[in-house]
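Single-structure report; data block below.
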Amino acid sequence: MKQFIVVGLGRFGSSVATTLASKGYDVLAIDSAEEKVQEISTEVTHAVKADATDEDTMKTLGVSNFDIAIVSIGENIHANILTTLILKELGVKYVVVKAQDKLHGKLLSKVGADKVVYPERDMGVRVANNLVSAKVLDYIELSPGYSIAEVAASEKFAGKTLNESNLRGKFGINVIAIKNEEEVNVSPEATDKINSGDILVVMGHEDGLRRLKEY
């Protein structure tokens, strides 16, 4: 039976680790935050607080004995890439890595990532494929405090690109699709415009979603 390493225990990493463990696979979960390690410790085979960018530490953990590694370090792109490189150099056969965008994905492929995934974009694809009316996706809770919601675009954003609107910076939320009467734009680019009457399919913390709706 294949053995898995999951590095980075945010929402995506924790979900992957617990799902694999529930299917009976051996899972080594690694994070630099003690709290995250403790939260998942009873749900996976092993959970370890460690710095995945330290090659000696990873050697000590015996990562070369594992078949597949999933790197889901989110905000720290440097740590994300360095961990990927170390896992490949230590002999992990198949490394799957979470990327933030296409450029990040290209860098990961160049340092040896076998598969690059874009969880936010892929979530947007799945959501958009299931949208059959404006009422289908009003509110989906992902985990305590985090949700996907449909929000009518404020007139303050009309005519602006996503980059100009700076929704991530202002509210800490990610736009995973833009809907209008004619189409659904899945995984919109930073240069895509928000038009009057658009519905934004957004993902983020409930506080940010609330502030966006009130904006």
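The values are calculated or read from the model by the stated rules, or taken from the named source; none is laboratory data. These numbers come from a predicted model, not from an experiment. Note: ideal-geometry Cβ built from the backbone for every residue, glycine included; neighbour counts use all protein chains shown. Only protein heavy atoms, including side chains, enter the accessible area calculation; ligands, DNA and RNA are left aside. Shrake-Rupley method; radii C 1.70, N 1.55, O 1.52, S 1.80 Å.
Cα convex hull of the chain: mean projected area in nm², to one decimal?
12.4
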Whole-Hz ³J(HN,Hα) for each residue in the stretch 176-189, computed from phi via Karplus 6.51 cos²θ - 1.76 cosθ + 1.60 with θ = phi - 60°, x for glycine and proline: what do you get? 9, 6, 10, 10, 9, 5, 9, 7, 10, 8, 8, 6, x, 7
Which parts of the stretch 90-113 would a label at ASP67 reach, counting a residue when its backbone N lies under 12 Å from a point 7 Å out along Cα-to-Cβ? 93-94
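How many Å² of accessible area per residue for the chain, probe 1.4 Å?
On the way: 11540 Å² over 215 residues.
The answer is 54 Å² per residue.
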Using R₀ = 22 Å, calculate the FRET efficiency as 1/(1 + (r/R₀)^6) where r is the Cβ-Cβ separation of ILE77 and LYS160; round to 0.05. 0.25
Whole-percent carbon and sulfur share, accessible surface of the stretch 57-111, 1.4 Å: 57
Near LYS2, which lysines are there with a Cα under 30 Å away, not counting those fewer than 8 places off in the same chain? LYS23, LYS36, LYS49, LYS59, LYS88, LYS93, LYS98, LYS102, LYS106, LYS110, LYS115
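Relative to the present Cα-Cα distance, how much length would full extension add between GLU206 and LYS59 at 0.36 nm per residue of separation?
49.0 nm
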Highest mean first, how do 151-159, 86-94, 197-205 rank when packing is the count of other Cβ atoms within 10 Å averaged over residues? 197-205, 86-94, 151-159
To the nearest µm²/s, what D does Stokes-Einstein give for the stretch 1-115 at 37 °C and 0.692 mPa s, using the Kirkwood radius over alpha carbon pairs as Rh? 240
